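Student: Just dropping this structure here.
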Amino acid sequence: MFKNVTVAGGGVLGSQIAFQTAYCGFQVKIWLRTEASIERCKPKLDRLRVIYLSILDEMKSGNPAAYARGLSKKYPLSEAEIEDCKKKVEEAYKNIILTTSYEEAAKDTDLVIEAIAENIEEKESFYTELAKHLPEKTVLVTNSSTLLPSTFAKYTGRPEKFLALHFANNIYKSNTAEIMGHAGTEQKYYDAVVSFADEINMVPLKVLKEQPGYILNSMLVPFLTAAESLLALGVADFETIDKTWKLGTGSPYGPFQILDIVGLTTAYNIVILNPAAKDPNSVQGKIAATLKEKIDQGKTGISAGEGFYKYK
């Protein structure tokens, strides 16, 4: 059903969604607000190209731990199949179009995946303007981490074709796609998005009713908030909190490593949705201040080279 796909937003997840979709053979555009946003997006695409090619090289060497489900539903791959995958990486990298134009972003697109900041006003404004330019055929989905599609349906101009499609981070490895409609979503469009998720090598996870945070973030956000609270209240430093979690559970990542992967801007935007964050003496206010200090220093997470931890 879909051939031409537009991703709105080129941040941590937006860039990944676009690259993965292009890798799987779709024609992809990324809509960005400004030329400066385009320049910030380009290094993310550069990095994804390197990651995909590096994974394929490791798979070629016979390392089973290197297998990334998003790159192929089949494993192991022959050398010829790996070379074909590398060609798909290069084609994806070469063919993604970056634009600040609503008109160009909307032209002939079959599917728009909104992946802009977790901010209600910004999303409302985006949908209201986008609705003026979209073809009748276009299905629209949101990758919002915590906000419900019913919150925005009336702004889209096509509530029956609007729903949520939520990805986990590092989608080439953690290849989940949660699909969640609202009361006005027509089943045929829901089913089309489920099929699309499968076509880009995701595992479609059907959410049966609206739930803030879907399935994954309903579990993940309280976990990360608990860790942020321990840090903001001075109970322990972030490295000790991570060490405690990893040693106690056997998890490969601690909560602050996960926050770096998610991106501190996303984490901050989620925290300030809570009205209590306006009080600087509240736990939520202290968490917000901790994250904001990092963000103001440009330490927004792994994609920036530094968050709570430094990355080469």
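Student: Let me confirm something: among V89, V50, which residue is touching a residue at least 60 places away in the same chain (Cβ under 8 Å) and either touching a Pro at 6+ places or on another chain (Cβ under 6 Å) or not small (G, A, S) (or both)?
Tutor: V89
Student: Which one is surrounded by the most Cβ atoms within 10 Å (Cβ to Cβ) among residues in region 1-17 that are of a type in the set (A, V, I, L, M, F, W, C) and assigned to a helix (DSSP H, G or I)?
Tutor: Within region 1-17, the match that is surrounded by the most Cβ atoms within 10 Å (Cβ to Cβ) is I17.
Student: Being in a loop (DSSP other than H, G, I, E, B), farther than 16 Å from T142 by Cα and not polar (S, T, N, Q) is the filter here, so list the residues in region 172-190 that pass it.
Tutor: Y172, K173
Student: Another one. For region 92-100, state whether one or more residues are surrounded by 15 or more Cβ atoms within 10 Å (Cβ to Cβ), more than 22 Å from the chain's Cα centre (by Cα) and not acidic (D, E).
Tutor: Checked against the condition, which is being surrounded by 15 or more Cβ atoms within 10 Å (Cβ to Cβ), more than 22 Å from the chain's Cα centre (by Cα) and not acidic (D, E), region 92-100 yields no hits at all.
Student: From the list S251, S195, pick out the single residue that is touching a residue at least 40 places away in the same chain (Cβ under 8 Å) and of a type in the set (G, A, S).
Tutor: So the residue among S251, S195 that is touching a residue at least 40 places away in the same chain (Cβ under 8 Å) and of a type in the set (G, A, S) is S195.
Student: Collect the residues in region 179-198 that are surrounded by 15 or more Cβ atoms within 10 Å (Cβ to Cβ) and of a type outside the set (G, A, S), keeping them in residue-number order.
Tutor: Result: I179, M180, H182, T185, E186, Y189, Y190, V193, V194, F196.
Student: Output the number of residues of region 153-171 satisfying the condition of being under 23 Å from I200 (Cβ atoms), modelled with pLDDT of 95 or more and in a loop (DSSP other than H, G, I, E, B).
Tutor: 3
Student: Please tell me if G25 is touching a residue at least 40 places away in the same chain (Cβ under 8 Å) and buried (at least 20 other Cβ atoms within 10 Å of the Cβ).
Tutor: Criteria not met by G25.
Student: Tell me which residues, restricted to region 68-89, are within 23 Å of A177 (Cα to Cα), buried (at least 17 other Cβ atoms within 10 Å of the Cβ) and not charged (D, E, K, R).
Tutor: A68, G70, L71, S72, C85, V89
Student: Mind listing whichever residues of region 169-185 are farther than 12 Å from G70 by Cα and either in contact with a strand residue (DSSP E or B) (Cβ under 9 Å, 6 or more places away or on another chain) or among the hydroxyl-bearing types (S, T, Y) (or both)?
Tutor: E178, I179, M180, G181, H182, G184, T185
Student: While we're here: Restricting to region 248-267, and then to whatever is surrounded by fewer than 22 Cβ atoms within 10 Å (Cβ to Cβ) and small (G, A, S), can you tell me which residue is nearest to T290 (Cα to Cα)?
Tutor: G263
Student: Having 3 or more residues that are over 26 Å from S15 (Cα atoms) is the bar; report the helices (runs of 4 or more DSSP H) wholly within region 224-312 that clear it.
Tutor: Passing ranges, in order: 238-249, 283-296.
Student: Restricting to region 139-155, and then to whatever is crowded, with 22+ Cβ neighbours inside 10 Å, over 12 Å from P212 (Cα atoms) and free of Cβ contacts under 8 Å to residues at least 40 places away in the same chain, can you tell me which residue is nearest to the chain's Cα centre (by Cα)?
Tutor: Going through the qualifying residues, I end up with T142.
The values are calculated or read from the model by the stated rules, or taken from the named source; none is laboratory data. Source: prediction; values computed, not measured. Ideal geometry is used to build each Cβ from the backbone, glycine not excepted, and the neighbour counts take in all protein chains shown.
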